[in-house]
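Before any comments, here is the structure.
Any read-out appearing in this document is the output of simple, stated calculations on the displayed coordinates, not a laboratory observation. In this text, all values refer to a predicted model and were calculated from it rather than measured experimentally. Note that we place each Cβ from the backbone using ideal geometry, even for glycine, and neighbour counts take in every protein chain shown.
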Amino acid sequence: MESLLDPASLRGQEGVEFRDERCVDDREGFDYFASIDGLVAVGITNRAGAILLMNSPHGWRVPYGPVDPAENEDWVAVGRRIGAELTGVDVSISRAERVGKITHRLEDGFEDGGREGTARETTSYDVVLRSTPVTGEPVADDPSFDPWDDLELEWFDAVPNDAYWDHGDAVDDIRTFLE
């Protein structure tokens, strides 16, 4: 897969799960998702069938990062960059696995000058990409990328007990790459 500028273009594409989702966010979450196009996760596997996971504040999950609308970023290029910065080797993206189009809703109250019961909405995407398998278990000397300054990374051949279980998609994504 060479490029992806618009995740909506994957709707209806064979082999790509596409979901429309809605959620209500607090102010901080809403403002964050209003400031980015969305999040791209990259499933980096190796030839032995293991997957590289990052330890997030909530548990192990597929590495992910934001796509910046100000830069008009290519989702595949962001996935390749994340992969390279974490492994120290070139990572090729073979395909998209899943796309979530998420409508975030913020219930406005009087603090914004809004009427009680008014709401604001913004849309973001979650895109999960699959890499071409890498050789060995590479991890970069200083694996980091914006917004993650200090990452703990590890290769797994099964879903770890301390995965991010409270977020079902996080565990489902790991399982997708271990099948």
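Points worth noting:
- 5 angstrom amide H check on Glu97, placed H, neighbours 5+ away: Val128, Leu129, Arg130
- Cα Rg, Dmax (largest Cα-Cα span) when computed across the chain, Å: 17.0, 57
- Percent RCO, i.e. relative contact order, over the chain, from Cα pairs under 8 Å lying at least 6 residues apart: 31 percent
- Simple Cβ-charge dipole of segment 7-178, Lys/Arg +1 and Asp/Glu -1, about Cα centre, in debye nearest 20: 840 debye
- Think of segment 15-107 as having a plus end and a minus end, set by charges on the Cβ of Lys, Arg, Asp and Glu; of Gly49, Val67, Leu86, Gly49 sits farthest toward the positive end of this dipole.
- Of the residues Arg95, Arg19, the one with the fewest other Cβ atoms within 10 Å heads the list, and the complete ranking is Arg19, Arg95.
- Springs between Cα atoms under 10 Å define the GNM used for the chain, and in it the highest mean-square fluctuation of Gly43, Gly59, Gly29 occurs at Gly29.
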